[in-house]
Amino acid sequence: MAAIKDLELKSIQYRREILSMIKKAGAGHTAGSLSCIDILNVLYNHVMDITPENFASHHRDHYIQSKGHSVEALYAVLADKGFYSITDLDTLNQYKSHFVGHPTRAVNGIEHNTGALGHGLSVAVGIALAFKKDNLPFRVFTLLGDGELEEGSNWEACMSAAHYHLDNLIAIVDRNRLQITDYTENVSQLEPLEDKFRAFGFAVRSVDGNSIPELIDIFYEIPFERGMPNLVMAHTVKGKGISFIENNLAWHHRTPDNDEFRDALLELDNVELKWKQVYEPW
């Protein structure tokens, strides 16, 4: 398991890689990838048992990125974990590259094709149910965007998860409150969101989804209640880590120009310096 210091520094590096690959590709879901990267960082480096060595086996934890449009975050983490070379990300969105704008199983480490929003939770429920029926101890994690909760298939999946007592299922909502056109509450009101999941039979916990220590603590509590599926409401900032991208609707799908790219990397350099001073004050 990685130490908190290492995870904090990894998140900074992942943000650099997200920006770099999107800049080279000329397209990408920038802000959403930045909002969820801390979650993926903690999951892959501290919580889940998923490695290049065990990926071919079903006897391991599973991860489904239902929020498929933020695939750049997942690509950065999988490269760091050794599923492929970091240089492969230079081919993002290029002709004949498997690294496209949504997850595909053609890329090593990707569990399931997603991107048609509202499908990931149903897939995760099916895998978790299979583990239960086979008396296997593995867990299934899935990351949902808050905007995709407008899809009714999510709530059908919730009913099944509760009915079958899938306490090996961990659904995580990236609650950044923005979607492609507006704030989620202006598009289709979701609140009271935690109460809705509770009404569907989930055990719910809330966390700062951009806080490495808080994420570690919340995942250690799983299962929250025996016999109940788990819901982590991860309150995040869309575009987290880059001041001019944070909570800026224009950055849902946008490529930084040269000046923006330079300024963003400079911000990350300054944050990295501050973290190193915290951990190594001498």
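The values are calculated or read from the model by the stated rules, or taken from the named source; none is laboratory data. Note that the coordinates shown come from a computational prediction; the quantities given were computed from them, not determined experimentally. Positions of Cβ are backbone-derived with ideal geometry, glycine not excepted, and every protein chain shown enters the neighbour counts.
Structural remarks
- Members of region 182-222 found to be surrounded by 14 or more Cβ atoms within 10 Å (Cβ to Cβ) and among the small types (G, A, S), listed by number: G201, A203, S206, G209, S211
- If you go through region 77-118 and keep only what is under 19 Å from I172 (Cα atoms) and touching a residue at least 60 places away in the same chain (Cβ under 8 Å), you end up with just V77.
Per-residue answers, yes or no, for (1) modelled with pLDDT of 95 or more; (2) in contact with an Asp or Glu (Cβ under 8 Å, 6 or more places away or on another chain); (3) in a helix (DSSP H, G or I); (4) not polar (S, T, N, Q):
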{"site": "I172", "(1), (2), (3), (4)": "yes, no, no, yes"}
{"site": "D217", "(1), (2), (3), (4)": "yes, no, yes, yes"}
{"site": "F244", "(1), (2), (3), (4)": "yes, yes, no, yes"}
{"site": "N247", "(1), (2), (3), (4)": "yes, no, no, no"}
{"site": "D263", "(1), (2), (3), (4)": "yes, no, yes, yes"}
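- Breaking point among (1) surrounded by fewer than 17 Cβ atoms within 10 Å (Cβ to Cβ); (2) among the aliphatic types (A, V, I, L, M); (3) out of contact with any Phe, Trp or Tyr (no Cβ under 9 Å at 6 or more places or on another chain), for V237: (1)
- The single condition among (1) surrounded by fewer than 23 Cβ atoms within 10 Å (Cβ to Cβ); (2) within 16 Å of M21 (Cβ to Cβ) that I50 does not meet is (2).
- Here L43, L78 are screened, and the one residue that is assigned to a helix (DSSP H, G or I) and more than 18 Å from L215 (Cβ to Cβ) is L78.
- Here S70 passes the criteria (1) within 19 Å of the chain's Cα centre (by Cα); (2) in a loop (DSSP other than H, G, I, E, B) except the one numbered (2).
- Identity of the residue in region 53-73, among the hydroxyl-bearing types (S, T, Y) and touching a strand residue (DSSP E or B) at 6+ places or on another chain (Cβ under 6 Å), that ends up surrounded by the most Cβ atoms within 10 Å (Cβ to Cβ): S66
- Test result for L265, out of contact with any Gly (no Cβ under 8 Å at 6 or more places or on another chain) and within 30 Å of K24 (Cβ to Cβ): yes
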